[in-house]
Each structure stands twice: as C-alpha cells, then as structure tokens.
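Have a look at the structure below before the remarks.
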Protein chains: 2
Amino acid sequence: MDIKHPYLLFLGDAADQLAAKTAQGIKDWRPDWCIGQLRLPGCKADLKLPDLTIEEARAKGAKTVIIGVANRGGVFAPSWVAVMLDALGAGMDLASGLHNKLTDIPAVAAKSKELGRQLFDVRHPKGDFPIATGAKRPGKRLLAVGTDCSIGKMYTALALEKEMLKRGRKASFRATGQTGIFIAGSGVSIDAVVADFISGAVETLAPANDPDHWDLVEGQGSLFHPSYAGVTMGLIHGSQADALVLCHEPTRKHMRGLPHYPLPDLKDCMALNLKAAQLVNPAVKFVAASINTSGLSPAEGDAYLAKVEKEIGLPAVDPVRTGVGRIVDQLW
Amino acid sequence: MDIKHPYLLFLGDAADQLAAKTAQGIKDWRPDWCIGQLRLPGCKADLKLPDLTIEEARAKGAKTVIIGVANRGGVFAPSWVAVMLDALGAGMDLASGLHNKLTDIPAVAAKSKELGRQLFDVRHPKGDFPIATGAKRPGKRLLAVGTDCSIGKMYTALALEKEMLKRGRKASFRATGQTGIFIAGSGVSIDAVVADFISGAVETLAPANDPDHWDLVEGQGSLFHPSYAGVTMGLIHGSQADALVLCHEPTRKHMRGLPHYPLPDLKDCMALNLKAAQLVNPAVKFVAASINTSGLSPAEGDAYLAKVEKEIGLPAVDPVRTGVGRIVDQLW
C-alpha cells in the first residue's frame with residue numbers, strides 16, 4: 001500500500017468537527033500533503049484549508065481524495081458517490097478509512113478499474129501476511145504502549161518521528177491504524193488482520209533496517225483492555241521493540257467503553273508490557289512515559305509529570321506541553 | 001453453527017495416517033457419531049471404521065460428510081468434488097476443516113443451494129462477532145493453557161468433559177479449533193477471527209450459564225509463542241476463566257516451528273497466564289497441570305509428574321496414563 005499525496009480531504013456532510021478527527025489528524029501531521037478540503041452542503045466541520053472542487057484540486061496537483069469523515073448511517077450517500085466518480089474521472093485515487101468499502105460500490109469499483117485508478121480501503125488489510133517468526137532483525141524499534149485505548153500512542157510516535165528527523169536521525173513512523181496510515185501513506189490496520197497473523201503483519205510493517213534506524217511503531221489497545229488485549233499482545237511481539245514508551249491520560253475514569261474496568265496502575269502496566277516484550281527481545285526496556293495532561297491545569301500537569309517521573313524513575317513528558325525531546329535523548 | 005451427526009468421515013487419498021489426524025480425533029472422542037469412513041483409491045489412512053459408499057452411509061442415517069483430511073497441493077481434486085456432489089444429492093450436509101472453502105467450489109455451492117443443504121467451512125468463521133465487554137457472567141469456566149501450541153490443550157479439555165459427565169456434573173466442551181469443532185458439532189476457529197473480535201467471539205462461544213455448569217474451553221497457542229500469543233491473550237480474556245490448567249510436554253525441544261525459542265519455565269508460564277486472566281476475573285486460579293508423558297518411560301513419567309506436582313503445589317496428571325479425575329476433584 002502506498003497512498004500518493006498531495007491529498008484533497010473530503011469532509012462530506014460531517015455532523016460536527018469531531019466527525020472529521022481523522023482528517024484533522026492528517027492536516028496536523030502532514031500539512032504539506034493537504035492541498036484543500038471538499039465540503040458538501042450541511043457540512044459542520046472545517047479544517048481551515050482552502051475549499052476546492054475536484055477540478056481545482058486536480059489542477060493544484062492533488063493525487064488522492066481522502067474520505068476523512070464517518071458516513072452517517074453506514075451507507076454512502078449518492079452525493080458522496082458522485083464526488084468519488086468525479087475524482088476518479090479527474091485522475092485521482094481514492095482512500096477511505098470507513099468500515100464500508102469503496103470496492104463494494106459497484107460504480108466506483110467499475111470506474112476505477114476502467115481508468116486504472118487505485119482504491120484504498122485502509123481498514124481492510126489486503127494480501128496475505130506471514131506467520132511471525134520472532135527471528136531477531138536489525139534496526140531499532142520503539143513501541144508506544146498504553147494504559148488504555150485512545151490515550152496518545154499515535155500522537156507520541158508521530159511526535160517522536162518529528163523530533164528525531166529534526167535532529168537528523170533516521171526514523172520512520174509505522175502506522176497500525178487508519179488515521180496513522182493516511183499520515184504515513186502506508187501501514188496496516190492491525191485490528192482488522194486475522195488473529196493468526198497479527199504478529200506476522202507487524203514484522204512485515206517494521207522490517208529489518210539499518211542498525212541506527214528507529215521504527216516508531218504506533219501502538220493499539222492495551223494489555224489491560226479486555227476487548228482488545230490480543231491485538232496489543234500480537235503488536236508487542238511483532239514489533240520486537242528495543243524501547244517502550246508508556247502512554248497515559250490521568251483524568252480517564254475507566255477503560256474506554258467499559259465503565260466497570262478501572263485503569264491499571266502505571267508500574268503494574270509497565271511490568272506486564274515488559275514481560276510480554278522480553279519474549280522476543282530480552283534487552284527491551286521502558287525509556288519514558290508520555291502523558292496527556294490536557295485535562296489538568298498547567299500547575300497540576302507539571303506536578304503530575306513530576307510525580308510519575310519519581311514513581312517510575314524515567315522521564316515523563318507531555319508531547320504537547322513539554323515536547324518529546326527528553327524521550328529522544330534516551331534513544332541510543 | 002450446528003453440524004448435524006452422525007458423520008461419514010471422508011479420508012480421500014490421504015498420504016498417510018497422520019494426514020487423517022482430524023478424522024482420528026473425531027472417531028476417538030465421538031465414536032457414536034462416526035458411522036463409517038469413505039476412502040478413495042490410494043488412501044493410506046484407516047480409522048478401522050466400516051468402509052461405506054455415500055448411499056450406504058445415507059441408508060445408515062449419516063447426516064454430514066466430514067472432509068477429515070488435508071487436500072494435497074491445496075486444491076480439491078475432481079474425485080473429491082464428485083463425492084461431495086453425491087453426498088449433497090443423497091441429502092447430506094458437508095463440513096470441511098481445510099483452508100480452501102467448500103463455498104468456493106462453484107458446483108458444490110450451486111448444488112447445496114439448489115437442494116437446501118448446508119456447507120460448513122469451520123476454519124472460516126461466519127457472521128459478525130461482538131466486541132468483548134468483559135462483563136461478569138454466571139457459570140464456571142475452565143481454560144486449558146499451555147507452554148506451547150499443540151501440547152494437549154484440546155485433549156485435556158475433552159478428557160475433563162468426559163470425566164465430569166461421567167460423574168453427573170454439568171459440563172460442555174467449547175471448541176476453538178477445527179478438530180474440536182467437529183467433535184463438539186459447533187464452535188469457533190478462533191485463530192481465523194479478525195483481531196478486534198477474538199475476545200468477543202469467545203464470550204459468545206462460552207456464554208452465561210447455570211451457576212454449577214462448567215464450560216471446558218479448548219485453548220490455542222501460548223502466551224510464550226511469538227507467532228500466536230495474541231490469539232491466546234484474547235482467548236484468556238474472552239473465556240473469563242475461573243480455573244486454569246497448564247498443559248505441557250516435557251520432551252519438546254523448542255517452541256513449535258521456532259527452533260530459536262525455548263519452552264518457558266512452568267512457574268513463569270503460570271504466572272503470566274494468571275496475570276492475564278486476573279484482568280477479567282481476579283479470583284481465577286490454576287487447579288492442575290496436564291502433562292503428556294508419552295515420550296517418557298512409565299517410571300520417568302511418574303517421576304516427572306511427581307516433580308511437577310512438588311514444584312507447582314498442585315495435582316499433575318497425564319490424561320492418558322493417569323486420567324484427569326484428580327483435576328475434576330479440584331473443581332467446585
């Protein structure tokens with residue numbers, strides 16, 4: 001999978017700004033790739049990008065239209081399909097992060113085939129993945145793990161890539177979820193892979209590399225989330241991490257979607273992740289904690305970071321408020 | 001899924017007895033369900049069942065033909081397809097544990113539809129599974145876990161079911177792999193489920209039940225197998241086990257398929273499985289070890305069981321040589 005950029009971000013008739021959070025993530029992390037947005041009547045989201053028609057976007061060099069919002073009711077409205085067909089006709093590919101597949105829309109599938117365009121359904125991994133071997137491979141890898149889902153793992157990995165590249169180090173963000181895939185232009189929606197191939201898919205995603213190159217692997221789920229821990233476990237083994245970063249959000253009341261499950265203790269969470277990661281790399285270690293303190297006042301946030309730092313004996317940063325420089329300082 | 005019995009076991013042109021191990025497992029555990037075998041010229045396997053034609057099997061009441069051997073080269077030979085079509089024509093369903101699907105054979109798919117017969121591709125779970133909730137549910141559940149794959153987990157769970165039913169207790173074997181599914185007549189090939197739904201599928205497979213009923217859940221993989229640990233993790237959480245049994249084979253030199261990975265230490269293996277299982281049931285405990293000592297002499301086997309028993313402080317049995325009665329004695 002290699003999604004060509006620049007992108008035109010299609011926002012459809014998004015009900016609110018939150019419905020466009022995937023598109024917002026792309027714009028935040030790859031502003032240079034985002035030529036404009038295309039909004040239909042009634043759209044309540046705005047990425048503060050130029051509003052462009054398909055023809056205008058094409059004239060400015062857009063290569064792919066990203067379906068960057070959820071579709072209401074799980075069906076593609078005729079107004080959406082019309083935009084897709086126009087985009088294909090104008091010479092662009094389409095990429096979607098929705099559960100419904102572009103390839104299941106007969107008119108879109110037929111036109112893309114006729115014109116030789118590509119359709120990317122990034123939530124639906126294509127092709128066969130190998131069974132993981134667990135064999136030692138060169139290159140360094142860092143995996144973001146967390147106390148819960150949706151707790152800053154992608155953000156942390158992307159911030160680390162940015163900081164490392166700024167310092168002239170060799171680094172690649174490796175995407176394991178839909179938003180990350182649009183940001184990287186490639187990747188695997190690891191939670192949609194067949195169970196037997198979770199680790200094998202990650203071995204493919206973060207392959208052997210230069211000894212001084214770091215893959216920054218986007219984490220998924222949590223070993224302490226009873227719905228998704230299998231995904232996390234396979235990701236830990238497939239990534240064969242040298243370094244782990246613990247992601248956490250201190251105001252989270254319970255595990256995402258499960259009011260009856262409290263968040264784990266930080267040190268307990270680190271111990272279990274480390275134990276799992278040691279199976280494929282006995283030398284793996286935690287290097288830092290990455291905390292989203294946006295729910296705290298600046299003073300509370302600083303105090304919380306200091307408390308965690310003392311508790312775990314490693315740097316504790318907030319990627320937004322303090323940056324991740326102190327994590328990169330830990331990487332050899 | 002509900003595969004109707006009695007079965008006719010189709011052995012095709014199996015290259016040797018090992019190629020028929022799925023069929024052998026069905027015959028061993030459900031002899032009353034197995035009316036006969038159907039072998040093609042060149043078949044080197046023999047289950048010591050009556051050799052029956054499709055017509056003879058039907059006359060004796062067979063309801064399903066089980067494709068109980070691997071197909072050579074991964075394709076269905078015309079001679080196999082002819083038997084399938086005859087079986088459908090005679091009023092029987094078909095069930096296969098192969099990677100290739102029956103539903104992908106056009107003539108078979110068409111005839112089954114025309115005649116209203118069912119095709120079961122047990123390695124390909126059908127339908128949508130829910131995301132796991134981890135909510136506490138009534139009924140008791142025992143999960144067989146192991147130091148490695150293919151180390152006696154299915155055998156142990158089936159032996160426990162047999163012993164419990166003999167004692168008049170309420171118990172159900174819950175199948176998570178192809179052979180187990182034929183033996184139970186239902187189940188889910190858990191390693192073929194999409195990663196996000198591993199735990200949810202197991203919650204469906206082993207649902208709420210009477211307080212004094214035990215589900216005996218077939219384990220898969222091992223938390224210490226870097227290819228498959230994600231499957232095992234999801235299975236542990238989905239099963240919400242009250243009791244765990246550790247399965248092991250003392251002459252195994254390395255993790256299955258991975259010469260560079262040694263087997264874990266027994267107590268280390270128990271600790272990690274227990275930690276994982278406690279997330280969804282803090283009261284879970286190990287009740288016994290189930291050891292396959294067939295690679296040892298009787299004296300060595302006895303000594304090994306005694307050694308393990310002392311090491312872990314729990315009963316250690318060999319289901320074949322000592323039976324599993326002492327495990328059932330532990331179940332409340």
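For this structure, a couple of remarks:
- Accessible area per residue in Å² at 1.4 Å probe, computed on the protein assembly as shown: 39 Å²
- Inter-chain shielding of B:232-241 (mean C-beta neighbours from other protein chains, 10 Å cut-off): 5
- The packing ranking of peptides A:252-265, A:235-248, highest mean first, is A:235-248, A:252-265, where packing means the average number of other beta carbon atoms within 10 angstrom of each residue.
- Solvent-accessible area lost on pairing B with A (1.4 Å probe, both sides summed) amounts to about 2800 Å².
- With the Kirkwood sum run over all distinct C-alpha pairs, segment B:245-285 has a hydrodynamic radius of 11.7 Å.
- Compared with the dominant Cα axis of chain A, that is its longest principal axis, helix A:153-166 is turned about 90°.
- Ranking A:ASP128, B:ASP191, A:ASP329 by solvent-accessible area of protein heavy atoms (1.4 Å probe, all protein chains present), from largest to smallest, gives A:ASP128, A:ASP329, B:ASP191.
- Normalising the average separation of contacting C-alpha pairs (under 8 angstrom, six or more residues apart) by the number of residues puts the relative contact order of segment B:1-98 at 35 percent.
- Inverting the pair-averaged 1/r between distinct Cα atoms of segment B:202-274 gives 13.7 Å as its Kirkwood hydrodynamic radius.
- Local charge for A:HIS260 was computed over the other residues whose Cβ lies under 13 Å away, with Lys and Arg +1 and Asp and Glu -1, and equals +4.
- Chain B, relative contact order [Cα under 8 Å, separation at least 6], %: 15 percent
- Diffusion coefficient (Stokes-Einstein, Kirkwood radius over C-alpha pairs, 20 °C, 1.002 mPa s) for segment A:1-115: 154 µm²/s, rounded to a whole number.
- For segment A:158-248, relative contact order (Cα pairs under 8 Å, six or more residues apart, normalised by length) works out to 28 percent.
- Each copy carries A:GLY42; placing its label point 7 Å along the C-beta direction from Cα gives inter-copy distances of 6.2 nm, listed from smallest up.
- Segment B:52-87 and segment A:223-287 have Cα centres lying 47 Å from one another.
- Note on chain A: the C-alpha convex hull projects to 17.2 nm² when averaged across all orientations.
- Here the Debye sum runs over all C-alpha atoms of segment A:205-245 as equal scatterers in vacuum, and log10 of I(q)/I(0) at q = 0.14, 0.28, 0.29, 0.30 Å⁻¹ comes out as -0.34, -1.02, -1.06, -1.11.
- Of the Cα atoms belonging to segment B:45-184, the radius of gyration and Dmax stand at 18.2, 50 Å.
- Under 15 Å, Cβ to Cβ, from A:ARG72 - net charge with Lys/Arg +1 and Asp/Glu -1: 0
- Degrees between helix B:298-312 axis and first principal axis of chain B (Cα, 0 to 90, nearest 10): 50 degrees
- Nearest 10 degrees, 0 to 90: helix A:229-239 Cα axis against chain A principal axis: 80 degrees
- Over segment B:100-167, the reciprocal of the mean inverse Cα-Cα separation, the Kirkwood hydrodynamic radius, stands at 16.4 Å.
- Cβ-vector label at 7 Å, B:THR204, separations to other copies in nm: 2.5
- Inter-copy label distances for A:ARG169: 5.5 nm (label point placed 7 Å from Cα along Cα→Cβ; shortest first).
- Couplings 3J(HN,Hα) for segment B:89-102, derived from phi with the Karplus relation 6.51 cos²θ - 1.76 cosθ + 1.60 (θ = phi - 60°), are x, 7, x, 9, 8, 10, 9, 10, x, 8, 5, 5, 9, 4 Hz, where x marks Gly and Pro.
- Of B:LEU115, B:SER150, B:THR133, farthest towards positive along the dipole that unit charges on Lys, Arg, Asp, Glu beta carbons give segment B:112-167: B:THR133
- The orientation-averaged shadow of the Cα convex hull for segment A:264-313, equal to a quarter of the hull surface, comes to 3.9 nm².
- Calculated Rg and Dmax of the protein assembly as shown using C-alpha coordinates, Å: 27.1, 83
- Net +/- balance of residues flanking B:VAL308 in space, Cβ distance below 15 Å, scoring K and R +1, D and E -1: -2
- Built amide H within the under 5 Å cut-off of B:ASP121, gap 5+: B:SER96
- Charged side chains reduced to their Cβ positions (Lys and Arg at +1, Asp and Glu at -1) give segment A:48-165 a dipole of some 460 debye around its Cα centre.
- Ellipticity estimate at 222 nm from DSSP helix runs (n ≥ 4, -39,500 (n - 2.57)) divided over chain A, nearest 500: -9500 deg cm²/dmol
The values are calculated or read from the model by the stated rules, or taken from the named source; none is laboratory data. Predicted, not measured: the structure shown is a model, and the values here were computed from it. As a convention, Cβ positions derive from the backbone with ideal geometry for all residues, glycine included, and neighbour counts pool all protein chains shown. These accessible areas exclude ligands, DNA and RNA; they are computed on the full protein's heavy atoms, side chains included. Shrake-Rupley method; radii C 1.70, N 1.55, O 1.52, S 1.80 Å.
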